[in-house]
Amino acid sequence: MPRQFDIAVIGAGSWGTALACSLVRNGSSVVLWGRDPALMEAMVTERSNERYLPGHRLPDALAFEVDFEKAVSSCLGILLAVPSHAFAERCALLRSALGEASLPTAGVLWAGKGFDVTGGRLLHEVAREILPSNLPFGLLSGPTFAKEVAQGLPGAAALASSQESFVDWWAERLSGPRFRIYTGSDLIGIQIAGAVKNVLAIAAGISDGLGFGANARAALIARGLREMSRLGEAAGGSAQTFTGLAGLGDLVLTCTDDQSRNRRFGLALAQGSGAAALTSEHRGLDGQVIEGIAASSLTSRLAQDLGVEMPICEQVRAVVAGEIEPFDAVQALLARDRERASATGA
C-alpha cells in the first residue's frame, strides 16, 4: 500500500491532538487516530476536540481515522501520544498491525512521560522488547503544555534517539517558527526526568495548597532537581539532561502552572477536595491520566533498587498511598538531620 501521510498520530487526547495540529502547521500530512469512535466522529464534524482541547479549531488539512491498521499502515512515521500505562498495549497493537513486511521507514516516536506501570521499566525497554527489532524509535519530551503547542505559542522540546537519521527526520517535521527542537541521544535521562518531574509537581501542589508560599516552592524545585539528577545519573543518564529542557525546564513548568494535572492533584491532596477519588481512578476531573500517581511508587521502587535517597519523592509516595497526611509529610522533610545538608544545599 502506498504511503498517504507523513505521520500517523496515535492518541486523540490533548497532547496527541496538539502535536497533530503543530505537525500540520509545519507542513506535514497527518492522520490522527483515537480509540473512541464517538470522539473521532465529533472531531470530523465539528473540527474541534471539545473533550480534551476545547475552543481550538483543528486544521482543515488534518485527517482522521478510526481504523488503527489503516492509520499506521498509511504513513512514513508514527507518533505515539498515549499515557505510559497504555504504552505497552499500543506497542503490541502496532506490532500486530504492521507485521514485518511494511514497516514505517521513519519509525516510531513517542511523547508519553512515565514508567511502564506493570514492571516499572523505562518505555524504551518496553519498545525494544515489543516492537520489531529493525524499527527505529525515540522520544519527545520537555516543557510543553498541549494547549499552548496547539495555539502555536513559542516553546521548545527535546528529542532523543540512538539513531541520528531518526532524530533528523523527526526534528525537521516537529520544528517550526515558534517551536524549537533540541536533539540528543540520552533516552534514559530524558525518561527519568519526565517521570520524576510529575512526582515533584504533586509535591509543589501540596506545598502551595498548604499555603507555604513562594520560598518553599523554590526550595522544593531546587531540591527536587537534585533528587531527579541523582536518580537519573545512577540509572545511566547524562548529568546535562537534568539541567536542560527535559529536566529543569519541564520541572519548573509543571511545578508552577496550574495547567499541570499533577500539580492540581497535589493541590487537591493538600485541600482534601476529592483527592481520594482521583487517586483511585488515576485520572483528573478532565478524564486525563495523572501520571504522577503511578510514578510516585515506581520512582521510590527504582530509587531503592539503585540505592538513591529521594526524601521528597518518598514523602509524596506516602501521601498518595494514604500513609501520611500532607502537612505531616512536610514536617518530616523539615525535620531531617541537618548535618546531612551541606551549606550549598546540594
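What the table below lists for this structure:
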quantity: Distance (nanometres) between label positions extended 7 Å along Cα→Cβ at L306 and S102; calculated: 4.1
quantity: Protection proxy ranking of 320-332, 219-231 - average other beta-carbon atoms within 10 Å, highest first; calculated: 219-231, 320-332
quantity: Mean Cβ count within 10 Å, highest first, over the residues of peptides 26-32, 291-297, 36-42; calculated: 291-297, 26-32, 36-42
quantity: Those lysines that a straight Cα-Cα span of less than 19 Å connects to K70, excepting residues fewer than 8 apart in one chain; calculated: none
quantity: Karplus (6.51, -1.76, 1.60) ³J(HN,Hα), θ = phi - 60°, over region 31-45, in Hz, Gly and Pro reported as x; calculated: 10, 10, 10, x, 7, 9, x, 5, 5, 5, 5, 5, 5, 5, 6
quantity: Mean separation of Cα contacts under 8 Å, 6 or more apart, over the residue count of region 5-185: relative contact order %; calculated: 21
quantity: Tilt relative to the chain, helix 261-271 - C-alpha long axis, 0 to 90 degrees, to 10; calculated: 30
quantity: Options (i) 22.6, 86; (ii) 18.0, 52; (iii) 19.9, 67 - which one matches Rg and Dmax of the Cα atoms in Å as calculated here; calculated: (iii)
quantity: Structure-based [θ]222 nm, the chain - -39500 (n - 2.57) summed over DSSP H runs of at least 4, per residue, nearest 500; calculated: -15000 deg cm²/dmol
quantity: V44-R230 pseudo-label distance in nm [points 7 Å out on the Cα-to-Cβ vector]; calculated: 5.4
quantity: Relative packing of peptides 303-314, 202-213 - highest average C-beta neighbours within 10 Å first; calculated: 202-213, 303-314
quantity: Two-site label geometry, T118 and R35: point separation in nm, points 7 Å out along Cα→Cβ; calculated: 1.3
quantity: Trypsin sites (Lys or Arg not before Pro) restricted to region 1-96 and DSSP loop, no more than 16 other C-beta within 10 Å; calculated: R3, R35, R47
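Values quoted throughout were computed directly from the atomic coordinates according to the rules given, and no laboratory measurement underlies them. Being a predicted model, the structure only gives us computed values, none of them experimental. All Cβ positions, glycine included, derive from the backbone under ideal geometry; neighbour counts span all protein chains shown.
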